[in-house]
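The values are calculated or read from the model by the stated rules, or taken from the named source; none is laboratory data. Note that the structure is a prediction, hence the values are computed from the model and not measured. All Cβ positions, even for glycine, are placed from backbone atoms using ideal geometry, and neighbour counts span all protein chains on display. Ligands, DNA and RNA are stripped out before the accessible areas are found, and what is left, the full protein with its side chains, is counted by its heavy atoms. Shrake-Rupley method; radii C 1.70, N 1.55, O 1.52, S 1.80 Å.
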Amino acid sequence: MFKVNPYRPGAGLMPTYLAGRDEDIYNIEQMFDALTMNIPTQSVIFSGLRGVGKTVLINKLQKIAEDKDIFCRHIEIEERNDFISQIATCSQAFLRKVSAKEKFKHLIQKPLDAIKALVVSFDPNDNTFSLSLQERELYKSTNLTQSLTDVFTTIGETAYKAETPICFFIDEIQYMRPKELGALIAALHRTNQLGYPVMIIGAGLPKIYKMLSEEKSYSERLFLYKEIGSLTEEQSRKAIEEPAKKFKVSYTDEAVCEIIKITKGYPFFIQQMCQVVFKNTDEKIIQKIHIDNNVGEFFKLLDIGFFKVRYERCSDGEKKFVFAMVKCGELPCTISNIAKNLKKDVTAISTTRAQLINKGIIYPIRYKELDFTVPEFSGFIQRLEEYKQWYEES
């Protein structure tokens with residue numbers, strides 16, 4: 001029988017109560033206000049592990065920006081997706097909005113030409129522009145950075161003159177190709193230098209800091225970096241209790257403390273745990289016994305829907321690397337200890353390490369130290385029969 005449930009675990013799903021992000025939201029709102037005054041501002045990058053609510057936060061910020069009449073588009077980077085086609089499509093959508101006002105139509109041609117040059121040169125799947133062979137040769141470029149900079153500066157100039165600021169929300173930045181990321185940083189940098197109201201709010205795994213600084217040294221000044229982590233005890237309590245209040249359901253202190261202990265304050269885990277408990281409990285006061293009775297179902301759902309999909313992306317060799325990390329015990333662990341557990345030289349496992357980083361399964365923390373991008377992934381691995389067998393044999 002269907003039961004209305006106020007908890008919403010899922011990839012980027014907005015919870016009925018967003019806990020612990022008030023300060024971040026307030027600060028970005030002030031930046032949006034500056035943007036609407038045609039004052040260029042720093043762009044923002046949020047980083048954190050899977051399940052901490054990065055996508056939820058940038059979705060919330062996009063809604064706020066739209067309410068302030070800032071032109072917004074959400075771009076999700078995927079390993080198989082082409083960023084250039086997405087940014088070109090978003091830029092064209094901005095031009096359509098501006099051209100709807102008669103007095104701004106004359107501003108369209110220059111940025112449209114820049115978008116054509118970008119798409120013709122760097123979007124292999126382009127079917128956007130119907131151009132003759134001669135026209136395509138005219139728009140051809142060999143420099144991605146220059147082409148993307150031309151797009152950003154021309155739409156930025158249009159945004160300034162039309163008093164319509166732009167904010168691109170870019171999720172999963174860690175999947176961007178290095179060449180595209182470098183071009184994006186350079187384009188945004190030049191646009192900001194010219195004083196145009198264009199900003200980016202991005203989100204990704206912790207490795208994006210290193211990616212950005214490796215591409216352009218000045219990226220540290222271009223972006224405001226904010227790490228998103230698990231919720232504090234007080235924030236976790238609100239995330240647990242507030243959604244249930246409209247149903248006149250409450251939790252005992254003991255129950256709340258147990259949920260926080262099990263979930264370690266990770267927003268996605270809290271939503272998943274509370275959804276299970278709420279679904280299976282008909283009483284108006286949820287007690288610790290209700291939590292204890294539903295822990296098994298909670299971990300089963302996590303194993304199937306959150307952990308397993310990532311684990312199954314790994315090759316056999318990558319799974320052994322993951323097993324060796326878990327065998328280290330305390331994380332993060334050093335690459336030398338992982339190699340020792342695999343009975344191999346460090347150089348022999350460097351390729352596997354790079355592949356797992358590219359897949360977003362692990363990330364480097366300090367010099368030669370690694371951890372999982374998914375909270376509590378070690379516990380999932382330890383529950384696997386494959387791991388138990390490997391552990392005994394090794």
### Query
Using modelled backbone amide H atoms (1.01 Å from N, in-plane), which distant-in-sequence or interchain residues come within less than 5 Å of Y251's amide H?
I286
### Task
Quantify, in whole percent, the carbon and sulfur part of the accessible surface of the chain (1.4 Å probe; protein heavy atoms only).
49
### Summary
In a Gaussian network model of the chain with springs linking alpha carbons closer than 10 Å, the residue among D171, D123, D150 that fluctuates most is D123
### Task
Post the alpha-carbon centroid distance, the stretch 246-321 to the stretch 325-363, in whole angstrom.
28
### Message
Report the rotationally averaged projected area of the stretch 252-394 based on its alpha-carbon convex hull, in square nanometres.
### Response
9.3
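Do the sum for the chain: with -39,500 (n - 2.57) for every DSSP H run of n ≥ 4, divided by all residues, what is the mean residue ellipticity at 222 nm, to the nearest 500 deg cm²/dmol?
So the calculated ellipticity at 222 nm is -17000 deg cm²/dmol.
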### Task
In vacuum, with every alpha carbon of the chain counted as one equal point scatterer, what does the Debye formula give for log10 I(q)/I(0) at q = 0.07, 0.12 Å⁻¹? Two decimals, please.
-0.40, -1.02
## Note on the structure
Largest-first ranking of C167, C328, C257 by accessible area, probe 1.4 Å, whole protein assembly kept, is C257, C328, C167
### Task
Note down the relative contact order for the chain as a percent, whole number, built from C-alpha pairs under 8 angstrom at least six residues apart.
20
### Message
Taking C-beta distances below 4.7 angstrom as the pairing criterion, name the unpartnered cysteines of the chain, in sequence order.
### Response
C72, C90, C167, C257, C274, C314
### Query
Under a plain spin-label model, where a point goes 7 Å from the Cα along Cα-to-Cβ, how far apart in nm are I64 and K261?
3.5
## Note on the structure
Taking only protein heavy atoms and a 1.4 Å probe, the highest-to-lowest accessible-area order of H106, H189 is H106, H189
### Where the chain is the region considered: accessible area per residue in Å², 1.4 Å probe
48
### Query
Per-residue accessible area for L194 at 1.4 Å probe radius, Å² rounded to 10?
70
### Residues E78 and Q193, FRET efficiency given R0 of 30 Å [Cβ-Cβ distance, rounded to 0.05]
0.45
